[in-house]
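Reading through the C-alpha cells given below for one structure.
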Amino acid sequence: MKKLNIAVIGQGRSGKNIHGRYYRCEDNLYYNVKYVVDTDEFRRNVAEEIYPGCKTFENYEELFELDDIDLVINATYSEFHYPITKELLLHGKNVLVEKPFGRSRYECDELIKIAKEQGVTLAVFQQTFLAPFYGFVYDTIKSGKLGDVKQIDIRYNGFARRWDWQTLQKKCAGSTYNTGPHPIGMGLGFLDFDKDAKVVYSKLDTALTSGDADDYAKILISAPNKPIIDIEISSMDAYSDHNIKVQGSKGTLKATPAAYEMTYICDGENPERPVVETFLKDGNGNPIYCGEDLVKHVESEKFNGTAFDIGTARLYEQLYYKITEGREMTVTPEMAADIISVIETVHAQNPLPLKY
C-alpha cells in the first residue's frame, strides 16, 4: 500500500497531539509526514525530530508550488480555517481542515463549491461521528430498544476556566465554536440531519472565562416528529456525570465516551394498567400513592476506544480511500456546514460584547 505524503500546518495541541499522535501510531498505514508548517521555530525543530526526514516551513504558502503533496492538514487557529483552506483548494490541494469548518455557513459553502470546481477532496475533522460511543447510542436509538425517543441531552460540561486564545471572539473561539461542533454534530446526527431542524432556544454567556467569548451555552434543537435535542456546554458544572442521555418510552440510556448504562422495559413484561379515575386505596380503604415496581432490565459496558484514537484512525482511513478510490466518507463537508449553521444562528441570537 502506497502511503500518501501529507503536509501539516500547525503544531499546536491539535496538530501535534491529536493528529500527530495518529501519524506516529501503529494504526497509521496510510500517511507519511513530508512537510510541517509552523510560525514558531521551536515547534518546527520538534517536528523535525518526531518526523525524521520531514521538511519544515515557517509560511504555509511554501506548499503551493510543491507537487509531491497528496493532502494538507489545516490545524491552524480557528480564525484561519477558512482563508487558508480556501487558498490551498485554489492551488489544487486536497485538504483536511480542523473544526470549526468556518465562522459562517457562507464560508463553508464557498469552500465546498471551490473544492468541487477544482476537483479536489475537502474533508472536515469531525471524528466524534466515528467514535464508538456515538455509534452505539445512534444504533440503539434506531433499534427501537428505548421505544419512542422523546429527548436527548448532550452535555460537554466541566468546572474549569480558560485564558488562552480560545476565549476570544475575534479568533472564532469560545465554547460553541471550539467544543460545540462535537455535541451539536451529534445532536444533528441523532436527527439524521433533518433539513427542517431548527434552533428553538439558545443562550450564550460568560462565567469563568478570562476572555470575551462564551463559556456557557444552552441550545435546544427540534425537528418535526423528532426528539428534542438539549445541548449544554458549561464551564461551571462540577457534577456532570454523562455526555449523552436518551429518554425513550421504554427506557433511558446514559453514555460517556468510556462506558454506557441503560435501563429499559420489554414488551409484554408490564401489562397495561387500566386508568382509575378516582383515588387509589389499599385493602382497608386508605388512600395510597400510585406506584409499582416495573419489570426492568439494566445493562452496562465499557467502550473500546474514543474519538481521539478510534475515531481519528477511522476518519483518516476513510479519507485515504476517498482520495485514492473516491469512496464516500461518513462525515461530509455538508454535514460540517450544517453544524456551523447552528453555531452561527446561536451567536446571532445571543450577541456578546466584544472586549478584545
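The values are calculated or read from the model by the stated rules, or taken from the named source; none is laboratory data. Just so you know, these numbers come straight off a predicted model, no measurement behind them. Please note: Cβ atoms are built from the backbone with ideal geometry, for glycine as well, and neighbour counts cover all protein chains shown. Note: areas computed on protein heavy atoms with side chains; ligands, DNA, RNA excluded. Shrake-Rupley method; radii C 1.70, N 1.55, O 1.52, S 1.80 Å.
Some notes on this structure:
- Listed by chain and number, the lysines placed with their C-alpha closer than 16 angstrom to that of LYS254 are LYS142, LYS145, LYS150, LYS245, LYS296, LYS302; residues fewer than eight positions away on the same chain are left out.
- Straight-line cross-link partners of LYS16 among the lysines, defined as a Cα under 27 Å from its Cα and at least 8 positions apart when in the same chain: LYS2, LYS3, LYS34, LYS55, LYS86, LYS93, LYS99, LYS170, LYS171, LYS322.
- Solvent-accessible surface of the range 256-356, taken per residue with a 1.4 Å probe and all protein chains present: 68 Å².
- Here each label is just a point 7 Å from Cα along the line to Cβ, and for ASP68 and VAL276 those points are 8.3 nm apart.
- What a 1.4 Å probe finds exposed on the chain is 49% carbon and sulfur by accessible area, rounded to a whole percent.
- In a fully extended conformation the segment linking LYS203 and ASP237 would gain 10.6 nm over its present Cα-Cα distance, using 0.36 nm per residue.
- Shape analysis of the range 58-203 based on the Cα gyration tensor places the equivalent ellipsoid semi-axes at 32, 20, 14 Å, largest first.
- Of the peptides 64-71, 145-152, the order by per-residue mean of other Cβ atoms within 10 Å, starting with the highest, comes out as 145-152, 64-71.
- Within the chain, helix-based [θ] at 222 nm, where runs of 4 or more DSSP H residues each add -39,500 (n - 2.57), nearest 500: -8000 deg cm²/dmol
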